[in-house]
Amino acid sequence: MKIIDLKVPGTIFSSPISTSEIELKNYGEVTFLIESGEGTEGITTVIVQGRSGTDGEYTNVAFLFAEKNGEFTEVEESGKAITIGGTSGAVKFYRVKVTDMLLASKEVDRIKLNLTAVDGSTVVGAIYAILDKPRYSE
C-alpha cells in the first residue's frame, strides 16, 4: 500500500480541484479519501477521469463511492454530488474507489480526481490517494 498527499489540509474547496494523475501500471486499486471539516455547507461534484498515456484524451470513468465506513455503491461516469462542511462536529470523509475491473473496458492507464468549486467556501479539507493491490514491489 502507498499513500499520496494530493491536497494537503487547507481551504481547498473554493476553487475547482483537479489532482495530479495516478499511474495504474503497478496498482489494481486506487481509493481517494476526501476529508471535509466544519463550516458553511456547500455542494461539490466528484468526477474521476482517466486517459491512456500522457497525451491521451481524458474520459470520465465510473467509480465506487462510500461515505465514511458505509458500503460502496457504483457511480456512473457523470459523477456524484457531495456535501462539504456543516455544523460543529460535522467532519465528513468520503471514499472514491477505482479498480482495474471498473476500467477493464476502457483503455486507461492513469486517473485523476476532479471536484467542482464551492464559491466562497472556507471549509478546510484534504485529499489523499491510497494505492493498493500492488502487482510488484517498488
Looking at region 17-45, I want the residues that are at positive phi and in contact (Cβ under 8 Å) with a residue 40 or more places away in the chain and have a partner that is of a type in the set (S, T, N, Q) and surrounded by 17 or more Cβ atoms within 10 Å (Cβ to Cβ) with Cβ atoms under 8 Å, at least 6 apart or on another chain. Which pairs are those? G39/S121
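Does F63 satisfy the condition of being aromatic (F, W, Y), farther than 26 Å from G10 by Cβ, free of Cβ contacts under 8 Å to residues at least 60 places away in the same chain and touching a strand residue (DSSP E or B) at 6+ places or on another chain (Cβ under 7 Å)?
Taking the combined requirement at face value, the residue does not satisfy it.
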Is it fair to say D119 is over 11 Å from A62 (Cβ atoms) and assigned to a loop (DSSP other than H, G, I, E, B)? yes
Taking L102 as the residue in question, decide whether it is over 12 Å from the mean Cα position of the chain (by Cα) and crowded, with 18+ Cβ neighbours inside 10 Å. yes
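Determine if region 66-81 includes at least one residue that is assigned to a strand (DSSP E or B) and aromatic (F, W, Y).
Scanning region 66-81 turns up no residue that is assigned to a strand (DSSP E or B) and aromatic (F, W, Y).
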Checking the structure you have, find out if any residue of region 69-79 is touching a Gly at 6+ places or on another chain (Cβ under 7 Å) and at pLDDT 95 or above. no
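Would you mind finding the one in T31, T45, T73 that is among the hydroxyl-bearing types (S, T, Y), crowded, with 18+ Cβ neighbours inside 10 Å and within 16 Å of the chain's Cα centre (by Cα)?
T31
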Kindly check whether there is at least one residue in region 79-89 that is crowded, with 17+ Cβ neighbours inside 10 Å, of a type in the set (S, T, N, Q) and within 12 Å of F13 (Cβ to Cβ). no
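The values are calculated or read from the model by the stated rules, or taken from the named source; none is laboratory data. Please read these numbers as outputs of a predicted model, since none were measured by experiment. Backbone-built Cβ (ideal geometry, glycine too); neighbour counts: all protein chains shown.
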